[in-house]
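Notes follow the structure.
The values are calculated or read from the model by the stated rules, or taken from the named source; none is laboratory data. Computed from a predicted structure; not experimentally measured. Just so you know, the surface numbers come from the protein's heavy atoms only, side chains and all, with ligands and any DNA or RNA stripped out. Shrake-Rupley method; radii C 1.70, N 1.55, O 1.52, S 1.80 Å.
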Amino acid sequence: MRSFWRTPTLDGTLPRDIALVCLAVGVIGVSYGALAVTSGFPWWFPVLMGALVLAASSEILFVGIIAAGGSPLAALLAGLLVNARHLPFGLAVPDVLGRGRRKVLGTHLMNDETVVFALAQDEPERRRAAYWLCGLGILVCWPAGAALGALLGSVVRDTDALGLDAMFPAVILALILPALTTRPLRRTALAGAALALTVTPFLPAGLPVLTALAALPLSMAGAKEGTVR
């Protein structure tokens, strides 16, 4: 892992972008920690969840279901279902995870931001560097933000009023847009967004993202069409 800090692939732009995303994740963690505490959870719960689960959407969904009176089992199953998106993530970036014990940590660091940053890089070294730098940054910033939010939970009663819930999708959108350079990718992204928006009123938070995966065959069809041409 030390080679990541020595390689010239980490130029001035990439670390800056990753730092900004990690900072945004930390701010969202403040909202999550405050939400958990105001929902009746002890202050250490969002911090522990943040370090061990390291998956914002499933953690927030878990807390929301429990706070709404749902059973812990239902909250756990919902969180696992939301995290099912890590299966295609693992297929997309198997080359950045490392081997042996490092692969265990690399798998733990897998999330939306690390995968997006890795896929946005053209060279294998940059993919690994972006993945690990972002993953380790989020491993620090997300639990730290949750801890700060838990401490401020008695003051910040309405976290949505601050607009912190909109920061996460805005950051992901800013990262994805430059990669939509071909018509099949743009068509797939628009179809997935339309599917997610359609089912959002009917499904719990986090599940519409999984529904958007149904648009992936459009990308595969576009790739085959380009090959035939």
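Structure above, values below:
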item	result
1.4 Å probe accessible area per residue over region 11-104, in Å²	51
With every protein chain in place, region 15-85: carbon and sulfur % of accessible area (1.4 Å)	79
